[in-house]
Amino acid sequence: MINFFLLILIYSGIYALMAIGQNIITGYGGMLSLCQAGFFAIGSYTTAILATKLGWSFWATLPAAAILSALFGLLIGLPTLRLKGDYLAIATLGFGEIVRNVLNNWDSLTNGPMGIQKIPMPDLFGFVINPYRKYAFLVMVILFVVIAYLLFQRLARSRMGRALAAVREDEIAAQSMGINITKYKVYAFVLGASVAGIAGSLQAVFSLSVTPGTYTFMVSVMVLCMVVLGGMGNFKAAILGTFIIQLISYFPQLTGLSSVIPPQFKQILFGLILVVMMIWRPQGLLGREERTYGGSTERKGGKR
């Protein structure tokens, strides 16, 4: 049971990184994106290919995964940011499905549906971080989450964070104040994609294998649920929402009811969470985080 709970914590940390990236795109930029699974897959396969075919270490593949995912974030961001709402969601959903299908059919590079196996374990100063001995791997994942949280918290308090918040609230007003809307939206996409790529890299070395079937549309929906459940525009809330969703995902196994509760129940539950939160508590469990600028405190729904 302890090992199983450690597994939940590790996956919570990996998905928390994706939720932090989703939060900067949706919670701060106000863009409904459904392609985190695509960036997640790019990060995983970058690490898997570089490690198995070129012999790179995990730490060398990590920046490559982040940069390549950020590049694809730029490529998807530039042509689609003229879209809004449902149209943007459909476009980003299409990108995620394109990535999965390319990985599924590019046999010479990705080994197709069979995926890539026997990914080397990460090591640090001669110490192998064995995913089968979960304590060390959990510490590594927590460190990544803490670093990402601190960096994005700092970003949210910066000029860029204030600009994204202004764009989210009213694009016309933000543009009239001299904010380059397209530039900041692209920045949000690039940052959100890069941190999802890092999460994918961690996923690859934790499972020691990658297959296209892991990176489905439901992964993007689950990450969006995490952000909505915790509270958009709040990084602590995104991490809390991730942990709750992961507990819900593994609830049948934790309670021994996996033979009674079908696997499809999880998908129904995610959709139900989105509907319930949007109707009764659209601000999420913790709500939008307060920000203090020049002595005034900004809250969700007004200023104090």
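The values are calculated or read from the model by the stated rules, or taken from the named source; none is laboratory data. Everything numeric here is computed off the predicted structure, so don't read it as measured data. When we count neighbours, we look across all protein chains shown, and the Cβ atoms used for this are built from the backbone with ideal geometry, even at glycine. These area figures cover heavy atoms from the full protein model, side chains too; ligands, DNA and RNA do not enter into them. Shrake-Rupley method; radii C 1.70, N 1.55, O 1.52, S 1.80 Å.
Tabulated values for the structure
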| quantity | calculated |
| --- | --- |
| Cα-based helix-to-principal-axis angle, 85-105 vs the chain, degrees rounded to 10 | 20 degrees |
| Thr255 accessible area, assembled protein chains, probe 1.4 Å, Å² | 70 Å² |
| For the stretch 62-217: rounded, prolate or oblate by the Cα gyration tensor [a/c cutoff 1.5] | oblate |
| Over the stretch 113-176, volume per residue of the alpha carbon convex hull, in Å³ | 175 Å³ |
| P(r) of the stretch 1-107 over all Cα-Cα pairs, binned every 10 Å from zero, in whole percent | 13, 39, 33, 14, 1 |
| Mean Cβ count within 10 Å, highest first, over the residues of peptides 106-116, 28-38, 43-53 | 28-38, 43-53, 106-116 |
| Computed label-point distance, nm, for sites Tyr87 and Ile147 using a 7 Å Cα→Cβ extension | 4.0 nm |
| Principal-axis tilt of helix 134-156 within the chain, Cα atoms, nearest 10 degrees | 20 degrees |
| Selection from Thr214, Cys35, Leu54, by position along the positive dipole direction of the chain (Cβ) | Cys35 |
| Rule-of-thumb Rg ratio for the stretch 229-272 [Cα; 2.2 N^0.38 Å; N residues] | 1.31 |
| Within the chain: Cβ-based charge dipole about Cα centre, in debye rounded to nearest 20 (Lys, Arg +1; Asp, Glu -1) | 660 debye |
| Lysine pair number, Cα distance threshold 16 Å (strictly under), the chain, separation 8 or more or different chains | 4 |
| The chain: relative contact order as a whole-number percent, Cα under 8 Å and 6+ apart | 31 percent |
| Residue-averaged [θ]222 nm for the chain, counting only DSSP H segments that reach four residues, each worth -39500 (n - 2.57) | -22500 deg cm²/dmol |
| Long-range amide H partners of Leu32 with built H, under 5 Å | Gly85 |
| The chain: angle of helix 217-230 to the longest principal axis, Cα-based, in degrees nearest 10 | 50 degrees |
